[in-house]
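Working notes, structure below.
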Amino acid sequence: MEIPAFSPAITEKESLATILDWVSELTGELQLDSLTRKILERMLNFTRMERGFILLKEGDEKIVLHSHHILAQDVHPQGAEALSWSLTRQALERGRPLATVDAASDERISTSESVRVLGLRSILVLPFQHSGQVLGAVYLDSRSLADHLQEPDLPYLSGLAQIVGLAVHNAAEFEKKDRELYYTQKALAQSEEVSRGKYRYENIVGASSETRTFLQRVDRVTDVTLPVVILGESGVGKELVARAIHYNGPLKKGPFVSANCSAIPEALVESELFGHERGAFTGALQRRTGLFEQAHGGTLFLDEIGDMPLAAQGKLLRVLQDGEIRRVGGSGTHRVEVRVVAATHRNLKEAMSQGRFREDLYYRLSVAEINIPPLRERSEDIPPLAEHFLALFAKNNKSEKKRLDRKALEVLLRYSWPGNIRELENFIYQLCIFATDPVLQVEDLMQKPELMALLPAAPSPQAKGRFNEAIDQGLINLSEAKRQFEREQIVRALTLHQGKVGEAAKHLGIPRPQLSRLLGYHQLDKSRLSGSK
């Protein structure tokens with residue numbers, strides 16, 4: 001889009017339109033090099049200066065020249081990277097824009113070597129911030145007088161610089177996570193056994209510190225045959241961990257038998273676990289071997305143990321104590337050697353206090369506990385998991401392996417995944433089935449409306465029209481438009497995250513205390529937004 005040349009006569013309507021355009025274009029760019037190039041091109045076109053530089057702070061003191069752009073090819077051929085550092089440092093220290101129309105007569109910098117050698121006349125330095133911290137500055141200069149620059153225009157240009165600050169912060173954070181993921185994956189590839197622990201768990205994919213932490217606990221319980229309880233939300237992979245414990249432990253040559261306690265009718269739990277004799281009850285036409293006997297010499301995985309009826313809990317406790325089972329309708333006992341690994345998404349201590357789970361059974365089972373964090377708490381695992389499922393789909397279906405576009409992956413990283421790994425797996429398979437292009441784009445994510453709500457929305461023509469109409473009628477000014485835009489973004493984020501301030505702040509890219517202050521400023525009640533979708 002062609003940007004109008006800057007002039008002091010620019011209207012509030014034009015200012016607002018420019019801000020909306022910048023928000024739409026810059027906040028959606030996550031490649032830092034591409035972003036800084038766009039910033040400089042727009043700034044130079046907008047201010048009619050000759051040169052532009054993006055300066056970034058590293059630490060508290062160091063200022064690094066990240067990129068520069070020269071509008072005219074014959075400008076400063078001998079000093080393409082020389083600039084007025086004195087004015088730049090002043091602007092960064094104060095955190096507000098500084099400008100000079102005629103550097104030669106400006107006492108602050110008239111003796112500067114850059115002004116003398118390069119013949120600079122007009123200089124503009126716009127610091128940009130994020131969360132109250134100065135990240136860097138946009139530096140612009142020219143050998144001609146910029147008589148169109150006026151002191152009242154600096155706050156407006158400063159507002160544009162804050163959009164730059166948000167965009168630079170987002171891009172830098174994304175590239176930082178991208179680099180961290182690259183080096184983490186490289187380290188895993190070079191020494192998987194060291195980074196994951198004593199054993200190799202090929203089916204458990206993850207590169208986060210949270211994953212390595214719970215796998216270290218898995219290592220500690222693998223060599224023994226005592227009971228284990230695995231805790232975690234539905235879909236985090238509790239059975240995968242149970243299988244890893246079995247197939248890397250001393251009972252790996254024995255059977256691995258799995259049962260979901262919540263799926264067994266209460267009247268049949270005892271028969272399922274311990275078996276029954278012929279004629280033990282109506283329909284028992286022949287003797288049946290129970291799960292404990294089937295798992296003899298191996299591991300019995302009891303999923304959703306928190307849903308087991310109290311009567312069956314007592315019988316399970318006796319088996320764990322004595323190592324013997326009695327079939328329903330039988331008179332004798334049978335010795336079984338079985339390791340029990342239980343799992344649940346429920347809070348067993350809370351269930352004990354409510355009388356829904358036996359305390360003695362809990363302490364018999366939970367010799368060791370392994371807590372698997374939900375996927376939203378280990379978002380670093382999303383890229384390798386997505387890659388794993390893409391490869392698995394291609395292998396199982398003998399098809400070309402698809403890959404995720406960077407921006408599509410960034411959206412996946414923003415989503416909280418309430419269904420955890422199972423939800424991510426199913427969605428990746430869905431993308432593989434219905435997407436026609438080998439590269440999965442942001443547009444393909446439309447199959448899941450929850451993800452589309454996380455995309456940075458470009459202002460619609462209707463939205464621009466409403467703002468412009470309000471300004472024309474004198475109902476709203478530029479400051480009010482900015483305030484209204486900020487309020488709408490906060491409401492949108494809180495609604496999306498059911499009123500959770502921490503998650504909404506993360507979505508908006510600001511610290512939680514800052515969002516709490518903004519809630520008070522905009523008179524928003526988070527509890528009234530917690531039930532919305």
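None of the figures in this text is laboratory data; all of them are computed from the coordinates on show. The shown structure was predicted, so the numbers you read here are calculated from the model rather than taken from an experiment. So basically every Cβ, Gly included, is an ideal-geometry build from the backbone, and we count neighbours across all protein chains shown.
Taking the number of Cβ atoms within 10 Å of each Cβ as an exposure proxy, the fewest-first ranking of W85, W417 is W85, W417. Between amide H atoms placed 1.01 Å from N, distances below 5 Å from S67 occur with I54, all of them 5 or more places distant or on a separate chain.
Taking the centroid of alpha carbons for each part, the stretch 409-436 and the stretch 308-380 are 33 Å apart.
Quick check on my link table: of K253/K401; K62/K176; K176/K506; K252/K402, which ones sit more than 25 Å apart, alpha carbon to alpha carbon? Long pairs (Cα-Cα over 25 Å): K253/K401; K252/K402. Here the residues I163, I63, I433, I305, ranked from fewest to most Cβ neighbours within 10 Å of their Cβ, fall in the order I433, I63, I163, I305. Around the amide H of S258, modelled in the peptide plane, lie the amide H atoms of F301, all under 5 Å away and 5 or more residues distant in sequence or on another chain.
3J(HN,Hα) along the stretch 290-301, derived from phi through the Karplus expression 6.51 cos²θ - 1.76 cosθ + 1.60 where θ = phi - 60°, amounts to x, 5, 5, 5, 5, 8, 3, x, x, 10, 10, 9 Hz, with x in place of Gly and Pro.
The ranking of D322, D219 from fewest to most other beta carbons within 10 Å of each one's beta carbon is D322, D219.
Couplings 3J(HN,Hα) for the stretch 133-143, derived from phi with the Karplus relation 6.51 cos²θ - 1.76 cosθ + 1.60 (θ = phi - 60°), are 10, 6, 8, x, 8, 9, 10, 10, 8, 7, 8 Hz, where x marks Gly and Pro.
The residues packed around L140, meaning those with a beta-carbon under 9 Å from its beta-carbon, carry a net charge of -1 if Lys and Arg are +1 and Asp and Glu are -1. Electrostatic bookkeeping for V64 treats Lys and Arg as +1 and Asp and Glu as -1; over the other residues with beta carbon under 9 Å from its beta carbon, the sum is +1.
Residues in the stretch 262-270 carry Karplus couplings, in order, of 6, 9, 9, x, 4, 5, 10, 4, 4 Hz; the curve used is 6.51 cos²θ - 1.76 cosθ + 1.60 with θ = phi - 60°, and Gly or Pro positions show x.
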